[in-house]
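Take a look at the structure set out below.
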Amino acid sequence: MSESPNPPEPGPVHDPTGLDLARTVAQSVGAQSRRRRKARPDRPSGPQSSGPRPDDRDPKLLAEAMERLVESKGWTAEINVHTLLARWSTLVGSVNAAHSHPESYADTILTVRTESTVWATSLRSIAPQLVARLNDQLGDGTVTRIKVLGPAGPTWKKGPRSVRDGRGPRDTYG
């Protein structure tokens, strides 16, 4: 075998610690940071703080931001009603609250569902006082009427006993 006339030239010695590579990267980053950047015309060159007085650019507390959102959307009355109805037992008493619950609030009418007709009659008797108490706490005209409903009966419109034409299984009851 013959040896090649020109031996290979020795390359850079490999540094297993990586310090040479780190120095090279640091030097290139340092050189870039030393370059002057041109000011972009679309960005203001001055400081971006809002100044000594509160401004819209200042960070806001979450409670303040939520308050502004609720007011801007006009949700204040509805949120107040639902907050108050979450304390239903303090409004109607623990006994009445155990047998009824507020179902919906729309167009100043509060709908309450009871578990029996006896409890519906009981709540209907105190409905004017409830309206007065709610308007006292929420503002006049927030609740104009309380609609008290008894328990919902079974429906024959869906399910295995429904009949497309006719009254269904109820037509055989006498």
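Contact annotation: residue pairs with Cβ atoms under 6 Å, 6 or more positions apart or on different chains, pairing a residue in the range 115-130 that is closer than 14 Å to residue 92 by Cβ and at pLDDT 90 or above with a partner that is surrounded by 12 or more Cβ atoms within 10 Å (Cβ to Cβ) and not β-branched (Val, Ile, Thr), are 115/99; 119/99; 119/100; 120/150; 123/100.
Note on the range 67-103: residues that are more than 19 Å from the chain's Cα centre (by Cα) and either in a strand (DSSP E or B) or of a type in the set (Lys, Arg) (or both) amount to 5.
Scanning the range 131-158 for residues that are assigned to a helix (DSSP H, G or I) and either exposed (fewer than 15 other Cβ atoms within 10 Å of the Cβ) or in contact (Cβ under 8 Å) with a residue 12 or more places away in the chain (or both) gives 131, 132, 133, 134, 136, 137, 138. Set side by side, the residues 33, 94, 45 differ, and just one is at pLDDT 85 or above and out of contact with any Asp or Glu (no Cβ under 9 Å at 6 or more places or on another chain), which is 94.
The values are calculated or read from the model by the stated rules, or taken from the named source; none is laboratory data. Keep in mind the model is a prediction, meaning the values are calculated, not measured. Heads up, the Cβs are rebuilt from the backbone with ideal geometry, glycines too, and the neighbour counts pull from every protein chain shown.
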